[in-house]
Amino acid sequence: MNDFYRTQRLPPYVFEPVNKIKAKARAEGVDIIDLGMGNPDLAAPAHVVAKLAETAGKPRTDRYSASKGIPGLRKAQAGYYARRFGVKLDPETQVVTTLGSKEGFANMAQAITAPGDVVLVPNPSYPLHNFGFLMAGGVVRNVPAEPSPEFFHAIERAMRLSVPKPIALVVCYPANPTACTASLDFYRDLVAFAKKHELILLSDLAYAEVYFDDNPPPSVLQVPGAMDIAAEFTSLSKTYSMAGWRMGFAVGNERLLAALARVKSYLDYGAFTPVQVAAAAALNGPDDYIEDMRAIYRKRRDALVESFAKAGWPVTRPSASMFCWTPIPERFRHLGSLEFAKLLVEKAGVAVAPGIGFGEHGDDHVRIALVENEQRIRQAARNIRRFFDDRDKALDNIAPQAAPTGAASA
């Protein structure tokens, strides 16, 4: 009963050991500061919640909805792209509403992948970027996550050496988990490369609005000609703290979007209509909430970087996303990210995401999510500092064993 074709292709869920230790500790009354899952703790906008309540229970809203989304919501998403990126979208053919960006990405993988097709995916990367294609019967070839010259060397090499030739390339900037960002110049080179090699380009832009400087992350669709070969996935989960509402979008190339819509039409009837109406209110509403959200995450980022440095663990300062992607302290690096993450829960009462969960090239890092308030973040740093100090004292108290009598000197 365990030998199903698709589940065979999935490795054990690498975050589960940390989750089990976390649950056990909480059951015993231990206060765990959870910086592991990127699960926003902020409240959704009040006017969005009010629109949901206003719409629920009205005639016809309890019926099935269209799987590609109600027209008003698709128009709202097209309006967002026009304001934010200067990109014009036809809401009828170039916007599909999804049950979160994760569902949209997974169903796009199902729509475009034939058994044995090769897809280029960054490593480390959000797990679905790999496993969406593996579940669809494809083959994944990993490339670097950083938008650097080495990235282009790697994808050029992959195109030359892969048999069969790759059909698609996945990118995600601001990146989960690494928090790195890409410039519009990078996207111009990427689109040119994809067109030259007849690649489908899939862009995950879930963190487009979570940035901390005056340089908003661009969309790949801003590049002239990108619409010919690209689809992009966004979400209200992080922008409006609506993760549990499961509301996202795929936009871009009409042929790709039609394939996604066709697959979805066999699998779902779309989100609950009042949720879609409320989501349209979010996209059409003022930007005050988004600006406040950025300010909160910026303060949390600064508190984490400052307090963890004082605790003896320098943390990389991200310019975007709601994560810090940071190397494991040198003295613990031999453990690997999973064992180190388990140790932090057990000894410091702090949960982080082990980097190995995002690919083998992430195993010397952990991902720290900005999902607790500043006070709790500083408390996490104090807990870690005590753990580090206790660990050092324990090692200092280990007396070296005397060499046996007559032993040869090294």
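Check residue 326 against each of (1) part of a loop (DSSP other than H, G, I, E, B); (2) surrounded by 19 or more Cβ atoms within 10 Å (Cβ to Cβ); (3) among the polar types (S, T, N, Q) and name the one condition it does not meet.
(1)
Determine, yes or no, whether residue 2 is modelled with pLDDT of 85 or more and in a loop (DSSP other than H, G, I, E, B).
Judged against the criteria, residue 2 is not a match.
Could you tell me how many of the residues in segment 341-365 are of a type in the set (D, E, K, R) and without any contact (Cβ under 8 Å) to a residue 60 or more places away in the chain?
3
Residue 366 versus (1) modelled with pLDDT of 95 or more; (2) open to solvent by less than 50 Å² (accessible area, probe 1.4 Å); (3) in a helix (DSSP H, G or I): which is the lone unmet condition?
In the conditions (1) modelled with pLDDT of 95 or more; (2) open to solvent by less than 50 Å² (accessible area, probe 1.4 Å); (3) in a helix (DSSP H, G or I), residue 366 misses (3) alone.
What residue, among those in segment 202-221 that are more than 21 Å from residue 39 (Cα to Cα) and in contact with a Lys or Arg (Cβ under 9 Å, 6 or more places away or on another chain), is least open to solvent (accessible area, probe 1.4 Å)?
219
Of all the residues that make up segment 97-123, how many are closer than 21 Å to residue 199 by Cα and outside any helix (DSSP H, G or I)?
Matching residues across segment 97-123 total 11.
Of the residues that sit in segment 124-144 and are part of a helix (DSSP H, G or I) and of a type in the set (A, V, I, L, M, F, W, C), which one is nearest to residue 353 (Cα to Cα)?
So, considering only residues that are part of a helix (DSSP H, G or I) and of a type in the set (A, V, I, L, M, F, W, C), the one nearest to residue 353 (Cα to Cα) is 128.
Answer with yes or no whether residue 297 is within 23 Å of residue 54 (Cβ to Cβ), of a type in the set (Ser, Thr, Tyr), modelled with pLDDT of 95 or more and under 22 Å from the mean Cα position of the chain (by Cα).
no
What's the total number of residues in segment 1-34 that are over 15 Å from residue 346 (Cβ atoms), within 22 Å of the chain's Cα centre (by Cα) and either among the charged types (D, E, K, R) or surrounded by 14 or more Cβ atoms within 10 Å (Cβ to Cβ) (or both)?
4
Filter segment 342-363 for residues that are under 21 Å from residue 317 (Cβ atoms), assigned to a helix (DSSP H, G or I) and among the small types (Gly, Ala, Ser) and give the result.
355, 362
If you check 84, 74, 60, which single one turns out to be on the phi > 0 side of the Ramachandran plot and not small (Gly, Ala, Ser)?
One residue alone meets the criteria, 60.
Kindly indicate whether residue 93 is over 26 Å from the mean Cα position of the chain (by Cα) and open to solvent by less than 50 Å² (accessible area, probe 1.4 Å).
no
Given the residues 85, 186, which is the only one that is more than 30 Å from residue 272 (Cβ to Cβ), of a type in the set (Phe, Trp, Tyr) and open to solvent by 10 Å² or more (accessible area, probe 1.4 Å)?
After ruling out the rest, the residue left standing is 186.
Can you name every residue in segment 6-52 that is assigned to a helix (DSSP H, G or I), in contact (Cβ under 8 Å) with a residue 40 or more places away in the chain and out of contact with any strand residue (DSSP E or B) (no Cβ under 7 Å at 6 or more places or on another chain)?
6, 17, 21, 25, 47, 48, 49, 51, 52
So for segment 53-66 (the condition being open to solvent by less than 50 Å² (accessible area, probe 1.4 Å) and touching a strand residue (DSSP E or B) at 6+ places or on another chain (Cβ under 7 Å)), does at least one residue qualify?
no
Can you pull out the residues in segment 117-137 that are at pLDDT 95 or above and over 18 Å from the mean Cα position of the chain (by Cα)?
Passing the criteria: 117, 118, 119.
Any residue in segment 175-199 that is on the phi < 0 side of the Ramachandran plot sitting within a Cβ distance under 6 Å of a residue that is of a type in the set (D, E, K, R) and modelled with pLDDT of 95 or more? List the pairs, counting only those 6 or more apart or interchain.
Close Cβ pairs satisfying both conditions: 177/367.
The values are calculated or read from the model by the stated rules, or taken from the named source; none is laboratory data. What you see is a predicted model; the values in this text were computed from it and never measured. No Cβ is skipped: glycine too gets one built from the backbone with ideal geometry, and neighbour counts run over all protein chains shown. Just the protein is used for accessible areas: all its heavy atoms, side chains included, with ligands, DNA and RNA removed. Shrake-Rupley method; radii C 1.70, N 1.55, O 1.52, S 1.80 Å.
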